[in-house]
1. Just wondering, is there one or more residues in segment 138-146 that are in a helix (DSSP H, G or I), at negative phi and modelled with pLDDT under 95?
2. Please list, ordered by first then second residue, the pairs with beta carbon atoms under 8 Å, 6 or more apart or interchain, first in segment 34-61 and free of Cβ contacts under 8 Å to residues at least 24 places away in the same chain and not assigned by TED's automatic domain parsing to the domain that holds R118, second small (G, A, S) and in a loop (DSSP other than H, G, I, E, B).
3. What residue, of R171, R193, is among the basic types (K, R) and either surrounded by fewer than 20 Cβ atoms within 10 Å (Cβ to Cβ) or touching a Ser or Thr at 6+ places or on another chain (Cβ under 6 Å) (or both)?
4. So, of the residues in segment 247-273 that are among the β-branched types (V, I, T) and within 29 Å of the chain's Cα centre (by Cα), which turns out to be nearest to D291 (Cα to Cα)?
5. What are the residues in segment 147-168 that are assigned to a strand (DSSP E or B), surrounded by fewer than 21 Cβ atoms within 10 Å (Cβ to Cβ) and not charged (D, E, K, R), if any?
6. With (1) touching a residue at least 60 places away in the same chain (Cβ under 8 Å); (2) in a helix (DSSP H, G or I); (3) crowded, with 16+ Cβ neighbours inside 10 Å as the list, and A206 as the residue in question, which single condition is left unmet?
7. From the residues in segment 205-215 that are out of contact with any strand residue (DSSP E or B) (no Cβ under 8 Å at 6 or more places or on another chain) and aliphatic (A, V, I, L, M), which one is nearest to N174 (Cα to Cα)?
Amino acid sequence: MRLLHDPAKTHASFDDPNLVSRAGLVPVMALAERCGLADLAGEHVTIASPPGVNADLKIACLVAGMAAGADSIDDMDVLRHGAMTEVFGGIRAPSTLGSFLRSFTWGNVRQLDAVARRLLAQLVSAAPLLPGADVLAFIDMDSMQKRVYGHAKEGAGFGHTKIQGKSLTIRGLNALAAVVSTPLAAPVIAATRLRGGTANSARGAASLAAEAISAARQAGCTGKIVFRIDSAYYSAAVLGTIRAAGAYFSVTVRMDPKIRAAIAAIPEDAWTPITYPRAVWDEDQNRLISDAEVAEVPYTAFASKKSKAITARLIVRRVKDLNRKAAQGQDELLTIWRYHALFTDSPFGLIQAESQHRDHALVEQVFADCTDGPLAHLPYVD
């Protein structure tokens with residue numbers, strides 16, 4: 001079998017007027033209507049410029065397009081394929097939707113955030129989105145640098161990111177996001193913010209943490225909430241905000257001299273051996289590890305800021321450093337340990353609190369799913 005036409009000159013299109021190319025959108029948009037997406041958008045989003053009219057219809061189109069796999073403005077034409085217009089009304093052209101998005105101001109973005117929080121609460125009431133949230137929920141916050149290529153892209157700048165385990169500096173915009181999950185439920189995005197590419201990771205993190213906790217409460221997270229973050233957000237402002245909102249924090253800490261001194265003071269008999277049911281990948285040694293030891297001590301962070309000092313638990317995990325010359329018959333004289341510390345006021349026991357914190361990595365999977373799907377071309381370049 002062979003091709004009869006040059007692939008570069010071949011174009012496939014779905015243009016049968018009697019077939020629906022995205023029938024799966026029917027239950028998706030039915031759920032959106034039941035939860036009041038259009039009503040919420042019409043009530044809370046007000047754009048003064050002419051492209052901002054009918055915001056309720058245009059926002060619904062954008063949601064439907066992304067659900068159908070569109071990852072750019074041009075791809076929104078997927079909503080007009082075949083007999084889609086026989087099933088859905090109010091569909092707008094990609095150019096119209098593009099003009100609508102370009103008319104947004106920062107205030108309009110915040111209005112859309114309010115719509116997202118209210119819609120999440122409605123979705124939870126209409127579907128079992130967060131089972132077990134009345135007992136325990138986790139919020140994970142992190143940021144990612146999204147590369148852009150347009151020279152005139154507003155806000156673009158150079159920021160740090162990791163690609164295949166290597167730290168790089170790339171030109172782009174920086175997205176900060178918080179996701180909520182439970183031990184029984186997959187993560188759901190609760191709050192987002194798009195920042196300039198040069199933004200420090202912790203910029204605006206305290207306010208986003210407050211919004212995420214508020215959104216989680218509105219979504220039925222009435223039980224304990226543990227807010228998990230990495231060392232970029234280890235600050236009095238962020239941890240104080242989390243506590244003030246009635247949640248527990250669990251944050252990775254940098255190995256500074258004060259942390260090292262606290263670890264050195266832990267007595268040898270305070271360490272508890274643990275075995276991982278599933279091996280954990282260790283980035284420092286590039287190998288899987290299945291056992292470690294954990295211990296905890298009281299610790300006061302930000303002691304120099306008297307009104308903002310926080311006393312909680314310093315939980316430390318230590319792993320034996322790999323003896324790379326053992327195969328050559330050169331045994332070690334002393335055991336060398338590598339330490340990983342977290343600071344938390346979690347109400348859970350030592351081993352459980354340490355295990356829960358390691359699951360913070362699930363937010364990275366959310367970022368991967370988004371960049372491989374509807375946000376593949378975010379931010380869109382004209």
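The values are calculated or read from the model by the stated rules, or taken from the named source; none is laboratory data. Being a predicted model, the structure only gives us computed values, none of them experimental. So basically every Cβ, Gly included, is an ideal-geometry build from the backbone, and we count neighbours across all protein chains shown.
1. So the first thing to find is which residues in segment 138-146 are in a helix (DSSP H, G or I), and the list is none.
No, the conditions are met nowhere in segment 138-146.
2. Short answer, once both residue conditions are applied: none.
3. On the way: R193 fails: either surrounded by fewer than 20 Cβ atoms within 10 Å (Cβ to Cβ) or touching a Ser or Thr at 6+ places or on another chain (Cβ under 6 Å) (or both).
Just one listed residue meets the conditions, R171.
4. Narrowing segment 247-273 to residues among the β-branched types (V, I, T): 251-253, 259, 263, 266, 272.
After this cut, where a residue has to be within 29 Å of the chain's Cα centre (by Cα) as well, the list is 251-253, 259.
Numbers: V251: 22, T252: 20, V253: 21, I259: 23 Å.
The qualifying residue nearest to D291 (Cα to Cα) is T252.
5. We begin by selecting, within segment 147-168, every residue assigned to a strand (DSSP E or B); these are 147, 157-163, 166-168.
Checking which are surrounded by fewer than 21 Cβ atoms within 10 Å (Cβ to Cβ) leaves us with 147, 157-158, 160-163, 166-168.
Scanning segment 147-168 gives G157, F158, H160, T161, I163, S167, L168.
6. Answer for A206: the failing condition is (1).
7. Start the filter on segment 205-215 by keeping residues that are out of contact with any strand residue (DSSP E or B) (no Cβ under 8 Å at 6 or more places or on another chain), which leaves 206-207, 210, 214.
If we keep only those that are aliphatic (A, V, I, L, M) too, we end up with 206, 210.
Values: A206: 16, A210: 19 Å.
Ranking the candidates gives A206 first.
Listed here are the residues, each with its yes/no results for (1) among the aliphatic types (A, V, I, L, M); (2) more than 25 Å from L112 (Cα to Cα); (3) in contact with a strand residue (DSSP E or B) (Cβ under 9 Å, 6 or more places away or on another chain).
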| residue | (1), (2), (3) |
| --- | --- |
| I170 | yes, yes, yes |
| R203 | no, no, yes |
| R217 | no, no, yes |
| F227 | no, no, yes |
| A237 | yes, yes, no |
| V253 | yes, yes, yes |
| K258 | no, yes, yes |
